[in-house]
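Scroll down for the structure; my scribbles are underneath it.
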Amino acid sequence: MRKIGIFATSLLFLLTLSSLAMATNGMETTASGARAAGMGGVDLAIALDTTAINTNPAGLTQLMGSRIDFGSGLLIPSLHFKNDLNDEDGKTQFFPMPELSYAYRFHEIPLALGLGIFAQGGMGADFKLEHPLLGKDTKYFSNIAYMKIAPAAAIQPVDWFGVGLALNIGYASMGMEMPYTVSPSLLKGVTDPSTGMTFGDMFSAPSASGGLGYDELVAKAKLEDATAWGFGAKLGMMFTPLKGWNIGVAYTTKSTLNFSGTMKMDMSAQFNDAFGRMVQGAMAQGLSQEAAMQAVAQQLGQLGIDTTQGMKGEYDAEIKFAWPQKAGLGMSFNFYQPLLVGFDVTWINWSDTMENFDVTLKNGDNANINRLVGGKEIKDKMPLEWSDQYVVAVGVQYEFIKDLFGRVGYNYGKNPVPADTVFPIFPAIVEHHISGGLGYQYKFFGVNAAYEYAVPNTQKADDTHQIASEYAGSESTLGESTANLMLSFVF
């Protein structure tokens with residue numbers, strides 16, 4: 001009972017820590033636990049601790065008795081963004097990635113049970129940049145974190161084969177603050193019922209035709225308190241064709257995450273710019289500046305826009321998101337006792353879950369914005385169009401002296417982010433990771449430490465950018481350093 005109490009207390013503690021997390025293969029962590037981190041994330045065919053719950057639950061059958069593994073990674077990203085107006089580093093941030101897992105392998109029957117909590121991944125950035133409309137010190141911020149609680153069971157019907165299943169109960173949080181750029185066509189409010197002309201038509205039409213000439217519109221947007229629960233499962237199998245040779249396969253289902261939160265929208269800068277263009281147009285007809293301003297205010301009033309009410313609104317936000325399915329194959333070799341070598345290949349289906357960022361905003365509370373968009377609801381899709389990712393990991397462990405282990409590893413995952421949607425608050429572009437670590441086991445107690453370095457990668461955006469013109473031709477850079485520590489207790 002004492003072990004269960006310790007585990008439950010630690011579980012609650014880790015749930016609070018998991019509000020921040022970040023990862024390196026797209027949004028996925030490269031490894032679960034310090035042992036695997038030291039070996040480049042190799043874990044599908046190696047089961048030396050209870051993190052197998054999160055990697056290949058069939059590996060639990062290779063443990064014996066009771067075991068608790070507790071630890072955390074600390075990830076420090078290094079970000080940089082450059083365009084015509086900016087050449088800035090992102091704010092230094094520290095992202096804890098906690099893990100806690102417990103398993104019991106029965107002696108009498110070939111059954112193992114386990115329970116774990118894992119920081120599965122996420123993404124984050126924090127910049128203050130100059131925006132062509134919003135000005136200097138504009139906030140560009142994101143924090144997406146995903147953790148999961150996973151109960152697991154595994155059986156070993158014969159000596160050479162085991163199979164395991166883990167249920168994934170996922171919890172995710174999301175916060176964002178950034179210039180929100182949309183097409184003028186989003187303004188569906190009708191200005192002329194006789195022709196069906198909308199505010200979008202008015203804002204996008206060239207000035208020669210009496211329009212305002214906008215290709216895109218920008219608001220300050222801030223997403224707060226967005227959270228979601230998701231459910232899925234992981235199925236794993238472990239084969240031992242020969243003593244010292246393991247083959248592991250694992251498949252993880254997609255977990256749908258429908259976020260609910262609050263979105264604050266400020267269209268003041270855009271509206272002021274539009275007002276100025278309208279005034280300039282009126283002055284070109286011979287009116288004085290004061291008369292032109294009065295005429296424009298009167299014109300807007302006739303269109304249902306009260307300039308005294310401003311352009312700041314708040315919405316109930318719903319965001320459709322999902323953590324992708326993935327499948328992996330791994331092998332490990334331990335024919336020479338001090339030497340353990342592992343190799344993994346994993347496919348991550350980002351193209352299914354990161355095609356678009358679907359946003360629905362409801363119950364808008366600003367009458368002016370509602371008039372512009374034609375109601376209290378806004379539906380929009382931000383294009384992302386990530387590609388699927390194949391991750392290759394190679395790792396080596398060597399026992400220098402009894403119970404003292406050294407590890408090295410390499411992990412490669414091709415950047416899934418296309419050049420026409422890369423932008424600074426979704427910086428998931430690193431590819432190469434180099435790692436090393438040490439481990440020591442003393443009777444019932446073990447300690448493992450690892451360091452992982454993600455080589456900085458710079459991606460240049462296309463000159464035609466799908467999200468916003470400010471990112472056209474820009475450069476985003478991301479590198480990462482991660483330190484991992486894990487303590488283990490065997491009972």
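The values are calculated or read from the model by the stated rules, or taken from the named source; none is laboratory data. It should be emphasised that the depicted structure is a prediction, and the values quoted were computed from it without experimental measurement. In this analysis, Cβ positions are derived from the backbone assuming ideal geometry, glycine residues included, and neighbour counts consider all displayed protein chains. Protein only, heavy atoms only, side chains kept; ligands, DNA and RNA dropped before computing areas. Shrake-Rupley method; radii C 1.70, N 1.55, O 1.52, S 1.80 Å.
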Q) under 17 Å from the mean Cα position of the chain (by Cα), open to solvent by 10 Å² or more (accessible area, probe 1.4 Å) and β-branched (Val, Ile, Thr): does that describe Thr458? A) no
Q. Restricting to segment 269-306, what's the tally of residues that are free of Cβ contacts under 8 Å to residues at least 60 places away in the same chain and exposed (fewer than 15 other Cβ atoms within 10 Å of the Cβ)?
A. 15
Q) For the subset of segment 355-379 comprising residues that are aliphatic (A, V, I, L, M) and over 16 Å from Glu318 (Cα atoms), which member is farthest from the chain's Cα centre (by Cα)? A) Ala367
Q) Looking at segment 72-91, which of the residues that are open to solvent by 10 Å² or more (accessible area, probe 1.4 Å) and among the small types (Gly, Ala, Ser) is nearest to Leu235 (Cα to Cα)? A) Ser72
Q | Search result, residues across segment 398-428 that are within 16 Å of Met39 (Cβ to Cβ) and not small (Gly, Ala, Ser) | A | Tyr398, Glu399, Phe400, Leu404, Phe405, Arg407, Val408, Tyr410, Asn411, Tyr412
Q: Could you please find all residues in segment 314-338 being among the hydrophobic types (A, V, I, L, M, F, W, C), in a strand (DSSP E or B) and within 20 Å of Met238 (Cα to Cα)?
A: Ala327, Leu329, Met331, Phe333
Q.
I'd like to check something: does segment 137-151 contain any residue that is among the basic types (Lys, Arg), within 20 Å of the chain's Cα centre (by Cα), farther than 30 Å from Asp201 by Cβ and open to solvent by 30 Å² or more (accessible area, probe 1.4 Å)?
A. yes
Q | From Asp380, Asp388, Asp403, Asp365, residue being free of Cβ contacts under 8 Å to residues at least 60 places away in the same chain and surrounded by 14 or more Cβ atoms within 10 Å (Cβ to Cβ) | A | Asp388
Q | Residues satisfying the stated conditions in segment 251-268, i.e. open to solvent by less than 50 Å² (accessible area, probe 1.4 Å) and hydroxyl-bearing (Ser, Thr, Tyr) | A | Thr252, Thr253, Ser255, Thr262, Ser268
Q: Go through segment 127-145 residue by residue and tally those that are out of contact with any Asp or Glu (no Cβ under 9 Å at 6 or more places or on another chain) and modelled with pLDDT under 95.
A: 2
Q | The listed residue being without any contact (Cβ under 8 Å) to a residue 60 or more places away in the chain, open to solvent by less than 70 Å² (accessible area, probe 1.4 Å) and within 21 Å of Val296 (Cα to Cα), out of Ser183, Ser204, Ser209 | A | Ser204
Q: Starting from segment 125-152, keep only residues that are touching a residue at least 40 places away in the same chain (Cβ under 8 Å) and closer than 30 Å to Gly114 by Cα, then list their pairs with residues that are part of a loop (DSSP other than H, G, I, E, B) and open to solvent by less than 20 Å² (accessible area, probe 1.4 Å) whose Cβ atoms are within a distance under 6 Å, requiring at least 6 positions of separation or different chains.
A: Ala145/Ala21; Met147/Ser18
**Q.** Options Ala450, Ala393: the member that is assigned to a strand (DSSP E or B) and in contact with an Asp or Glu (Cβ under 6 Å, 6 or more places away or on another chain)
**A.** Ala393
Q | Evaluation of Phe106 against (1) under 23 Å from Thr240 (Cβ atoms); (2) surrounded by fewer than 19 Cβ atoms within 10 Å (Cβ to Cβ); (3) among the hydrophobic types (A, V, I, L, M, F, W, C); (4) in contact (Cβ under 8 Å) with a residue 24 or more places away in the chain (one fails), failing number | A | (4)
Q.
Out of the residues in segment 463-491 meeting the condition of being open to solvent by 40 Å² or more (accessible area, probe 1.4 Å) and assigned to a strand (DSSP E or B), tell me which one is nearest to Pro77 (Cα to Cα).
A. Ala483
Q: Report yes if some residue within segment 258-274 is in contact with a strand residue (DSSP E or B) (Cβ under 9 Å, 6 or more places away or on another chain), assigned to a loop (DSSP other than H, G, I, E, B), modelled with pLDDT of 95 or more and among the aliphatic types (A, V, I, L, M); otherwise report no.
A: yes
Q) How do the pairs read when you match residues in segment 233-249 that are under 10 Å from Gly330 (Cα atoms) with residues anywhere that are open to solvent by 70 Å² or more (accessible area, probe 1.4 Å) and modelled with pLDDT of 95 or more, using Cβ under 6 Å and keeping only pairs 6 or more apart or on different chains? A) Val249/Leu329
Q | Enumeration of residues in segment 339-358 that are farther than 30 Å from Met263 by Cβ, surrounded by fewer than 17 Cβ atoms within 10 Å (Cβ to Cβ) and either out of contact with any Phe, Trp or Tyr (no Cβ under 6 Å at 6 or more places or on another chain) or at pLDDT below 95 (or both) | A | Val345
